[in-house]
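For reference, the structure is listed below as structure tokens.
Coordinate-derived values only; no laboratory data. Predicted, not measured: the structure shown is a model, and the values here were computed from it. Heads up, the Cβs are rebuilt from the backbone with ideal geometry, glycines too, and the neighbour counts pull from every protein chain shown.
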Amino acid sequence: MKKTTPPRLVQCATPWSLIAYPTAKREWSLARKLQEIKAAGFDGVAAVITPEIQALAKKQGLVMMGGFDGRNVAAARRQMILQRDLGVHYMNVQLLDHDTPPAVAAKLAVTLIRMSDELGVGVHLETHRDTATETPEKYDEIQRRFQRATGRLMPTTWDHSHFAVSKHLLPAVYSKRLLVWPKLIQRSHVFHLRPFNSQHCQVPVTNGRGQLTPEFKDYLAFVEDLFTLWLQGPKPRGELYVCPELGMSHGYHVSTDPHAWPDAIVAKREYAGAWRRALRRARKR
């Protein structure tokens, strides 16, 4: 019997985690950041991919996960072509604004995904604050309209942190409340794994002394459930691209927290462990 290759977890770091590292006055260059991403054991880089980033990623042997702001069709097409020609397949898009009517957002989503198919790339629409998909209800309505127009499920970048905070969810119900889109989750190729709790979109991974915080441990249990659910599905292309989404701007990083970059490295290690446990769980079912 031919041995099957297990699905692969592809972890991509974001330069957003490396803002002001090691200090604001001595921040590493972009070249040094990608060198350190490789040295930390990441598989790739998640960013809006430019020729400069592509050249640096190629030098380090890093795969690329791209993205762009999805509000203008002409600009989106240019970005899809540019990043595709730089070697990017998966691209993450934040869809319009918090007050965009679902009908308008869904119409653009249909256009973007049809364009993605035409150009041979894998655009995914992110669940994200201050966009048309910022709450479960808005996302559901946009996805419903998308499916009605196309006959397919909407490719989604799953960042559950915004949904969790909008509903102030406690750890006991993370999986019960956030894994209610099994088919959509299973058909996704891209997750943004931002550690959250009921009140904060981004909680620290460690306490600054190398120990995992209780909040991250709660989140990690959810990640294992999330991976297990994905592994029970069709496993698109046999790989799942994830970004340990820990940033240093836009209010995500609290001044008393450890810097995001060392925490992102620890998160990568812990997500790899959750993936191994999820593989075992999925095989048993």
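Here is how the numbers come out for the structure above:
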{"item": "Estimated dipole of segment 52-103 in Debye, rounded to 20 [Cβ of Lys and Arg +1, of Asp and Glu -1, Cα centre]", "result": "280"}
{"item": "Calculated from backbone phi, Karplus (6.51, -1.76, 1.60) coupling profile of segment 270-280 in Hz, x at Gly/Pro", "result": "5, 5, 4, x, 4, 5, 5, 5, 5, 4, 5"}
{"item": "Residue-wise HN-Hα coupling along segment 9-26, computed from phi with Karplus coefficients 6.51, -1.76, 1.60 (Hz; x: Gly, Pro)", "result": "8, 10, 9, 10, 7, 10, x, 4, 6, 9, 4, 6, 10, x, 9, 4, 7, 10"}
{"item": "Choice from Ala272, Ala24, Ala149 showing the highest fluctuation, given a GNM over the chain with Cα pairs closer than 10 Å", "result": "Ala24"}
{"item": "Length added when fully stretched, Glu118-Ala55, from 0.36 nm per residue minus Cα-Cα", "result": "20.1 nm"}
{"item": "Selected from Trp16, Leu179, Ala106, residue furthest toward positive end of dipole (the chain; charges at beta carbon)", "result": "Leu179"}
{"item": "Estimated [θ] at 222 nm from DSSP helical runs (n ≥ 4, -39500 (n - 2.57)) normalised by residues in the chain, nearest 500", "result": "-14000 deg cm²/dmol"}
{"item": "Cα-only Debye scattering, the chain: base-10 log of I(q)/I(0) at q = 0.15, 0.17 Å⁻¹", "result": "-1.22, -1.57"}
{"item": "Most to least packed among 140-148, 158-166, 236-244 [average Cβ atoms within 10 Å]", "result": "158-166, 236-244, 140-148"}
{"item": "Amide H within-cut-off set for Thr156, under 5 Å, with H built and near neighbours excluded", "result": "Leu125, His189"}
{"item": "At R0 = 22 Å, FRET efficiency that the Cβ-Cβ distance of Arg269 and Arg32 yields, to 0.05", "result": "0.55"}
{"item": "Extension gain (nm, one decimal) between Thr4 and Ala40, 0.36 nm per residue minus Cα-Cα", "result": "10.1 nm"}
{"item": "Order of Cys201, Cys12 under a 10 Å beta carbon neighbour criterion, fewest first", "result": "Cys201, Cys12"}
{"item": "Karplus (6.51, -1.76, 1.60) ³J(HN,Hα), θ = phi - 60°, over segment 220-233, in Hz, Gly and Pro reported as x", "result": "4, 4, 5, 4, 4, 5, 4, 4, 4, 4, 4, 5, 7, x"}
{"item": "Highest-MSF residue in the chain out of Thr50, Thr131, Thr156 [GNM, Cα springs under 10 Å]", "result": "Thr50"}
{"item": "Label-to-label distance, nm, for residues given as Arg281 and Lys107 (7 Å Cα→Cβ offset)", "result": "4.2"}
{"item": "Charge dipole magnitude, Cβ of K and R +1, D and E -1 - the chain, Cα centre, debye nearest 20", "result": "1280"}
{"item": "FRET efficiency estimate (nearest 0.05) - Cβ-Cβ, Asp130 to Ala20, R0 22 angstrom", "result": "0.45"}
{"item": "Within a Gaussian network of the chain (alpha carbon springs, distance under 10 Å), most fluctuating of Thr14, Thr213, Thr23", "result": "Thr23"}
{"item": "Equivalent ellipsoid semi-axes, segment 97-159, via Cα gyration tensor eigenvalues times 5, rooted, Å", "result": "18, 13, 10"}
{"item": "Amide proton proximity set for Gly122, modelled H, under 5 Å, gap of 5+", "result": "Tyr90, Met91"}
{"item": "For segment 15-284, share of DSSP beta bridges that run antiparallel, in % to the nearest 5", "result": "5"}
